[in-house]
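Down below is the structure, laid out as structure tokens.
The values are calculated or read from the model by the stated rules, or taken from the named source; none is laboratory data. Small disclaimer: the values here were computed from a predicted structure and weren't measured. Cβ atoms come from the backbone with ideal geometry, glycine included; neighbour counts cover every protein chain shown. In case anyone asks, the SASA skips ligands and DNA or RNA and just uses the protein heavy atoms, side chains included. Shrake-Rupley method; radii C 1.70, N 1.55, O 1.52, S 1.80 Å.
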Amino acid sequence: MAAATSPSAALAAYDSSRLTLACIGSHSALDVCLGAKRAGLRTLVITAPKRDKTYAHAFRRRDDGTGCVDETLMVDHFADVIATSVQQTMLEKNSIFIPNRSFEVYAHERHSYDDIERGMLVPMFGSRRLLRAEERDEADNQYRLLEEAKIRYPRRLAGPDEINGLTLVKAQHARVNFERAFFLAANPEQYRKRAAHYLASGVVSQEGLDRAVFEEYILGPTINLNFFWSPIIGELELLGTDTRRQTNIDGIRSLLAVDQAPLGAAFAASMEEAGHIAATLPESMLEQAFEMGERFVAATRRLRPPGIIGPFALQCVIAAGPPKSFVVYDVSLRIPGSPGTKYTPYSAYRWGAEMSVGERIAKEVVLARDSGRLSEICT
């Protein structure tokens with residue numbers, strides 16, 4: 001096809017009978033690919049060196065119809081997805097790009113969000129204007145969206161001198177630029193001791209500490225509410241719920257106190273994601289969850305139109321009551337990272353069968369295609 005001048009122009013020129021779902025080969029790509037396959041759509045995964053065998057070999061589509069990845073496209077770095085030649089390949093395949101967290105992280109390593117929003121001419125499923133809102137230093141970020149939606153999130157402190165009770169410190173990780181380092185402190189003195197330890201161990205830098213976020217620590221179990229807002233049917237769905245497994249935090253939780261003690265000050269907590277577990281809610285909390293999700297969708301429409309399209313997640317702590325209530329500590333404004341949400345019952349309650357987030361995205365694409373409304377789900 002001719003070079004596209006805008007995502008909308010590209011979408012208008014597509015052969016909608018030959019759509020491809022494209023994504024970065026990380027995070028939730030396989031979930032997207034299986035969903036696309038089941039919906040009769042083709043798949044293209046952008047891969048990088050030492051990250052390609054999962055897609056190009058292990059889960060490639062075979063001649064017998066098994067597997068779910070139709071094609072892969074190798075790039076030197078995931079940020080190269082913005083390159084003209086890579087975009088042209090996607091455009092020629094009538095691709096709708098499904099942004100995930102890895103796309104945000106790796107593309108943003110080399111490109112500003114302005115460059116990503118303007119330079120990505122391949123139509124994106126969902127709102128490209130919302131990707132930047134996950135960053136805490138952006139205007140109208142997730143905190144502003146939560147405030148607009150009147151959703152409770154942990155109280156923020158101005159700095160360490162305000163610590164008066166258990167506080168979670170979130171600082172940029174010194175060695176992994178897309179991860180944060182976390183530690184707890186109950187008072188300013190404890191903060192200084194723990195900050196010095198993390199600084200000496202190289203986990204954080206002084207710059208990272210200077211820009212750290214301080215939040216009250218909410219006691220309670222964590223739960224991710226994985227929602228889907230459909231412009232095509234005009235409805236909010238709860239696709240599933242899950243909780244996270246996190247590297248050495250989960251490891252130390254499995255130790256008895258007597259075994260934890262020898263670690264002492266040498267222990268540096270890491271909350272790096274290592275997987276997800278399906279987890280259900282009591283039905284008495286479902287109405288509260290839906291009301292919160294609907295307020296959030298409405299807030300994104302007001303502050304960053306067109307607002308939420310498709311999947312998003314409110315990552316919550318369930319605070320003790322009575323009554324129990326959700327406190328949102330983080331937001332995902334695109335496909336969440338857990339393909340296991342289908343193993344909770346909520347999508348089946350709605351659709352009659354379990355459905356993963358990737359399957360629901362593909363279903364929305366097909367519904368939009370068949371009703372001539374692709375422009376309502378792509379930006």
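Results, tabulated for the structure shown:
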| quantity | calculated |
| --- | --- |
| Residue in segment 264-274 that is open to solvent by 40 Å² or more (accessible area, probe 1.4 Å), in a helix (DSSP H, G or I) and at pLDDT 65 or above present | no |
| Hits in segment 82-97 - residues which are under 16 Å from A13 (Cβ atoms) and of a type outside the set (D, E) | Q87, Q88, T89, M90, L91, K93, N94, S95, I96, F97 |
| Test result for A348, out of contact with any Asp or Glu (no Cβ under 6 Å at 6 or more places or on another chain), assigned to a helix (DSSP H, G or I), at pLDDT 95 or above and aliphatic (A, V, I, L, M) | no |
| Residues located in segment 109-153, provided they are open to solvent by less than 10 Å² (accessible area, probe 1.4 Å), among the aliphatic types (A, V, I, L, M) and closer than 21 Å to L44 by Cα | I116, M120, V122, M124 |
| Test result for N187, farther than 20 Å from Y329 by Cβ and free of Cβ contacts under 8 Å to residues at least 60 places away in the same chain | yes |
| Residue list for segment 33-75, filter: among the small types (G, A, S), outside any loop (DSSP other than H, G, I, E, B) and surrounded by fewer than 17 Cβ atoms within 10 Å (Cβ to Cβ) | A58 |
| Residue within segment 118-125 that is over 20 Å from F183 (Cβ atoms) and assigned to a strand (DSSP E or B) present | yes |
| Residue match in segment 90-97 (condition: surrounded by fewer than 20 Cβ atoms within 10 Å (Cβ to Cβ), touching a Cys at 6+ places or on another chain (Cβ under 9 Å), at pLDDT 95 or above and assigned to a helix (DSSP H, G or I)) | no |
| All positions within segment 7-46 that are among the acidic types (D, E) and more than 25 Å from the chain's Cα centre (by Cα) | D15 |
| Set Y329, Y343, Y349: member being over 30 Å from L121 (Cβ atoms) and in contact with a Gly (Cβ under 8 Å, 6 or more places away or on another chain) | Y343 |
| Among (1) touching a Leu at 6+ places or on another chain (Cβ under 6 Å); (2) open to solvent by 30 Å² or more (accessible area, probe 1.4 Å) - the single one T20 does not satisfy | (2) |
| Check on S28, in contact (Cβ under 8 Å) with a residue 12 or more places away in the chain and out of contact with any strand residue (DSSP E or B) (no Cβ under 8 Å at 6 or more places or on another chain) | yes |
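The rows are residues; the columns are (1) over 21 Å from S112 (Cα atoms); (2) in contact (Cβ under 8 Å) with a residue 12 or more places away in the chain; (3) in a helix (DSSP H, G or I).
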site: E147; (1), (2), (3): yes, no, yes
site: R152; (1), (2), (3): yes, yes, no
site: L168; (1), (2), (3): yes, yes, no
site: F182; (1), (2), (3): yes, yes, no
site: Y191; (1), (2), (3): yes, yes, yes
site: H197; (1), (2), (3): yes, yes, yes
